[in-house]
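Please treat every number below as a calculation from the coordinates, not as lab data. All values reported here derive from a predicted model rather than from experimental measurement. Note that each Cβ is placed from the backbone with ideal geometry, even for glycine, and that neighbours are counted across all protein chains shown.
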Amino acid sequence: MKARNDMNESAVNDAAPHLFDEVIDRKQLWLPSWYAPSAQGAVIAGKDILCATGCIPGSRRPYDWYPGLNPGVFWRVAHDSQYRLWVRETEKFWAIERSLGHTIKSFALCSSLAGVEMLIWTRTCEAAMRLAEYCDPLPRPPVAGGWTETNEFI
């Protein structure tokens, strides 16, 4: 009987979506206290979220992204033409933001599962770009989240 339960548990684990690779507490991140103060940390996008965005191993950088003024920053005009999408390199990951033009008011992509707000980051620039495009103007499944105010850029 135990073997059957182990088999069922394994099947459930195999069928469960792999949305996030890693959960990182805010204390472990280099984030100023004013940046997205409601976020408790960050989650790193997993294979099922990345596959939904069209980001597969070996995929190239999406079209129409431009280098920002600072190294490790890229931007593009959002679908509605009023906003800009931004991806920014942090110490080890890539943050995803949306802003109204070039204003300092920006929003970061976040997940709010179980009432806990977490920034959604990626491991690569290309993945961040694809995820930003996929979630503009609103995240679609399997991304469960939205945009939280950052108070300023990183």
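For this structure, a couple of remarks:
- Using the average count of surrounding beta-carbon atoms within 10 Å as a protection proxy, the listed peptides 110-117, 127-134 rank, highest first, as 127-134, 110-117.
- Note on the chain: with a GNM built from Cα contacts shorter than 10 Å, the maximum mean-square fluctuation among C125, C135, C51 falls on C51.
- Couplings 3J(HN,Hα) for segment 110-117, derived from phi with the Karplus relation 6.51 cos²θ - 1.76 cosθ + 1.60 (θ = phi - 60°), are 9, 10, 10, 7, 6, x, 10, 8 Hz, where x marks Gly and Pro.
- Between helix 2-15 and the chain: long-axis angle, C-alpha atoms, 0 to 90°, nearest 10: 20
- Euclidean distance of C-alpha centroids, segment 35-86 and segment 92-154, integer Å: 7
- Net charge of Cβ neighbours under 15 Å - reference P142; Lys, Arg +1; Asp, Glu -1: +1
- Residue of W30, W94, W65 that the Gaussian network model of the chain assigns the largest fluctuation, springs spanning Cα pairs under 10 Å: W30
- Expected 222 nm ellipticity per residue - DSSP helices of 4 or more, -39500 (n - 2.57), all of the chain, to 500: -6000 deg cm²/dmol
- Residues with amide H under 5 Å from that of E117, placed H, sequence gap 5 or more: Q40
- Reciprocal of mean inverse Cα separation for segment 68-120 (Kirkwood radius, Å): 12.0
- Rounded tilt (10° steps) of 125-134 against the dominant C-alpha axis of the chain: 90
- The reciprocal of the average 1/r between distinct C-alpha atoms defines the Kirkwood hydrodynamic radius, which for segment 71-154 equals 12.6 Å.
- For Rg/Rh (Cα atoms, Kirkwood Rh), the value calculated from this model appears in [x] 0.93; [y] 1.03; [z] 1.19 under label [y].
- GNM top mover of V23, V143, V43 - the chain, alpha-carbon springs below 10 Å: V23
- Options Y83, V116, P67, ranked by Cα towards positive dipole end of segment 18-149, top entry (Cβ charges): P67
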